Amino acid sequence: MNILFINTSRIWGGNEKWTHMAAHELARRNKVFLAYRSSSLGERFSIKKTKLPFLNRLDFYSLHQLVKLLRVQKIQILVSTNRKFYLLGALAARLAGCRHFVRCGIVWQVPDNIYYRFLFKKIDGVIVNAWAVRDELAKSGPVQPGKIHLIYNGLDTTRLDRNDSSQPQKPYPFTIISCGEFIPRKGHDFLLRTFARFIKEHPASHAGLVLMGKGKQESELKHLTKQLGLEKYVTFTGFLDNPYPLMRHGDLFISVSQNEGISNSMLEAMYLGLPVIATLAGGGSSEIIRHGFNGFLVEQGDENQLVKLMKYIYQNRGTMLAKVGAEAAGTVSSRFSMQEMTVAMERAFAHTIKS
């Protein structure tokens, strides 16, 4: 098959990581291309690629160039990965005569209005990564349930298994790690406030919080860290191209998103054997985590619940944490295969082409 991915993001995040993994894995057996906006994103891809301005969802220059690219490369499947540009992808696919899939990685109740009814009539398939995302979309009037394909994320285990020659020092005796773009949806302010309560109640814990990532909320979060008196307990690493050596030193991974399908960074942490705390509001977290067995679940925004859980985990660290981490690694290894993800995508694409 000839497949084109569109990713219009200006920064690297979970959606961009998924695009990279899916495109390169599919390229093993198919001709795969990328259309992108940001040079910093495009340079990470080794497949054939085209840079376009993608000014807005009706950017006629980008639309014209996309249609030309689709026709020249005889693209059969176009995959749009950013919601804002679903429409541009849908129009380009119709004009070029190919099939159009979109990827949705968060829980989204699509508004039932003229725009979305028109849009989803032009979309041939929707790829989602969690039952929670699928179920919410299926309730939405504009989305036909038969077009939704539940395909769990795969993991690049080759990179995760790699032994790095330079191992960083462990930042804190008890290191808590969180990873994600600094935007309100990721809930880092909630995590910082709860962590401040934990430190106040357990000053001798020697715990520290490592926040990996970048984003528009970064200065706000650093200011909040200072306000809470956490400067010596919190480390902002910035974006790390290879976060795994540092993650291996972690004692606990926390994901407190307000809305998420199944987080790539959470899966990576579980695969590396880190015990994970995730919010139920994360959508897909409860599909893979059994509370107290291979991870822990909390309600998003409930500081009392989270601080009690952090205290419990700290006081029972050691054998208990190692056991939970081992179960987490086993869960992810058995359910989130890169090969299974790409085979499922190829099957969905091929079925749509034939229909």
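The values are calculated or read from the model by the stated rules, or taken from the named source; none is laboratory data. Since this is a predicted model, take the numbers as computed values, not measurements. Cβ coordinates were reconstructed from backbone atoms using ideal geometry, including for glycine residues, and neighbour counts include every protein chain displayed. Note: accessible area is taken over every heavy atom of the protein model, side chains too, but ligands, DNA and RNA are not part of it. Shrake-Rupley method; radii C 1.70, N 1.55, O 1.52, S 1.80 Å.
Results, tabulated for the structure shown:
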| item | result |
| --- | --- |
| First in the stretch 8-29 and without any contact (Cβ under 8 Å) to a residue 24 or more places away in the chain, second anywhere and open to solvent by less than 50 Å² (accessible area, probe 1.4 Å), Cβ under 6 Å, 6 or more apart | 27/47 |
| Sole residue being open to solvent by 60 Å² or more (accessible area, probe 1.4 Å) and on the phi < 0 side of the Ramachandran plot, chosen from 352, 319, 342 | 319 |
| In the stretch 19-43, the residues that are in a loop (DSSP other than H, G, I, E, B) and more than 21 Å from residue 105 (Cα to Cα) | 27, 28, 29, 30, 43 |
| Count of the stretch 55-91 residues which are open to solvent by 10 Å² or more (accessible area, probe 1.4 Å), part of a helix (DSSP H, G or I), touching a helix residue (DSSP H, G or I) at 6+ places or on another chain (Cβ under 8 Å) and under 21 Å from residue 104 (Cβ atoms) | 2 |
| Counted residues, the stretch 322-339 - those being polar (S, T, N, Q) and open to solvent by less than 30 Å² (accessible area, probe 1.4 Å) | 1 |
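Residue by residue, here is whether (1) out of contact with any strand residue (DSSP E or B) (no Cβ under 9 Å at 6 or more places or on another chain); (2) more than 17 Å from residue 155 (Cα to Cα); (3) open to solvent by less than 20 Å² (accessible area, probe 1.4 Å) holds:
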| position | (1), (2), (3) |
| --- | --- |
| 254 | no, yes, yes |
| 258 | no, yes, no |
| 261 | no, no, yes |
| 264 | no, no, yes |
| 268 | no, no, yes |
| 271 | no, no, no |
| 274 | no, no, yes |
| 279 | no, yes, yes |
| 290 | no, yes, no |
